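Input: a single structure, listed below in structure tokens.
What follows is calculated from the coordinates using simple rules that are stated; it is not laboratory data. As the structure is a computational prediction, the values presented were derived from the model and not from experiment. So basically every Cβ, Gly included, is an ideal-geometry build from the backbone, and we count neighbours across all protein chains shown.
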Amino acid sequence: MKKKMKILPISLAVVVILALLSVGVIFAASSFIKVNQETGAKINVDVAKNKDTLKADKLNSKNAKKEVVLDVKWGDGEDQFKMSKYQEAKDTEISYDSPSIFALDNEGNIYVNDVINNKLKIFQTNGLIRSIVLPKSNIPFVLRDMVVDFDGNIYGLNYLANEVVKINKSDKIEAVFKDSDIRRPETLDILSSGNIMVQDNVDSENATRVRKFDKNGNIISEKKMANIIDMSLYDYENQDGDIISISPISVKIYQIELKNKKDGLSKGTINFSARPVSEDMECNSKLLGVDKPGQVYFWLQDTPPSGKGDELGIENFQKQCKEYISRIDITTNKIDTIKIDTTDRSMANSTANLSNRFVKMDNNGNIYQLMMNEQGYKIIKYSFN
């Protein structure tokens, strides 16, 4: 009995010490890792502490190499675009009358959906290469977004028909992802790995759904998210198939991690904060995509507070807006930023939704910006290097 009495306090002490050590380990781990409630992603808190990276980077933004690669006047010619102002439309549901959707391929060609003429026009160095006549039906053929894959196939979101279509090199048009129940598709992207991402809308509770397809139309993965038209909360891929995971830490603050395709181990993590330069401004942001090596590109726009729109007027409000492109290299922990012109949206309509309509990037990291006004339709190319 005496022996048992001696052993019991020692056992209790060991249990208490182990319990305290466990609590300490858990506490230490919680100070380093937390789980985002919306995405389930693990957040590196130590990396997340620095929230002024972008603010300082904007102040030191570089001048980019800039050239006009497409300049088309309004008109009825085959190498022109016909244009009717949005205010003249009779039915706002089908009045996608401005050619605001464009795409790029690896050869430097620019594809523009000329809605009123019902054609897809392909240009290079300001010259029209050819036109593809689009089908006419009771449901207008309206492309909400468009990309070109590495084989030259064109993919477009036929918004009103709730389908993704593919136009091959022979100009044959077919619906793809037929069994995927596409609903009001909004955004399309071709990844460096060759996989295709489609964002559409599911229901009022989980309005945004992002799915990744292979080139044969098979679903690789799927995620339902909050009601925002943005694919930046999903996993992108570089040319090797490594995963680029983008997780929100808080409002306008993202943690970007590069994970090895084979084992999922981290190859680098960086924090990115989409904040305005001045506290008197607001910042809009949009993920543009990922280039071949895996560098991540964001479009950013500093604007006066939205409540000052009426006070300033449209012209003065736009003059105070500033636009930037940030390039994030996860492996070197480096962020470069260039300043671009303020986008002229004076002729925009409902097809022109923020950056994915007006600003795009190619697979090599070149930036293309659409300027559309009463003089015509212009695309400017910017390069970091």
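A few comments on the model shown:
- Ranked by how many other Cβ atoms sit within 10 Å of their own Cβ, fewest first, the residues ASP57, ASP341 fall in the order ASP341, ASP57.
- Taking ILE340, ILE314 and counting other C-beta atoms within 10 Å, the order from fewest to most: ILE314, ILE340
- Segments 177-184, 112-119 sorted - mean Cβ within 10 Å per residue, highest first: 112-119, 177-184
- Take every Cα pair under 8 Å whose residues are at least 6 apart in sequence, average their separation, divide by the length of the stretch 156-227, and the relative contact order is 20 percent.
- Proximal aspartates and glutamates to LYS334, defined as alpha-carbon separation beneath 18 angstrom and excluding residues fewer than eight positions away on the same chain: ASP46, ASP52, ASP57, GLU257, ASP291
- Debye-sum result for the stretch 50-383 in log10 I(q)/I(0), which assumes one identical scatterer on each alpha carbon, at q = 0.06, 0.09, 0.10, 0.15 Å⁻¹: -0.20, -0.47, -0.58, -1.40
- With contacts taken as Cα pairs under 8 Å at a separation of at least 6 residues, the stretch 50-383 carries a relative contact order of 17 percent.
- The length gained on full extension between LEU160 and ASP76, counted as 0.36 nm times the residue separation minus their Cα-Cα distance, comes to 27.7 nm.
- Peptides 246-254, 168-176, 190-198 ordered by packing proxy, namely the average of other Cβ atoms within 10 Å per residue, highest first: 190-198, 246-254, 168-176.
- Protection proxy ranking, peptides 64-74, 283-293, average beta carbon neighbours within 10 Å, highest first: 283-293, 64-74
- Of the cross-linked pairs LYS212/LYS308; LYS136/LYS223; LYS224/LYS261; LYS121/LYS223; LYS292/LYS339; LYS136/LYS339, those separated by over 30 Å at the C-alpha level are LYS212/LYS308; LYS136/LYS223; LYS121/LYS223; LYS136/LYS339.
- Taking every DSSP beta bridge that has both ends in the stretch 50-383, the antiparallel portion is near 95%.
- For the stretch 50-383, a simple Cβ point-charge model (Lys and Arg +1, Asp and Glu -1, everything else neutral) yields a dipole of about 420 debye relative to the Cα centre.
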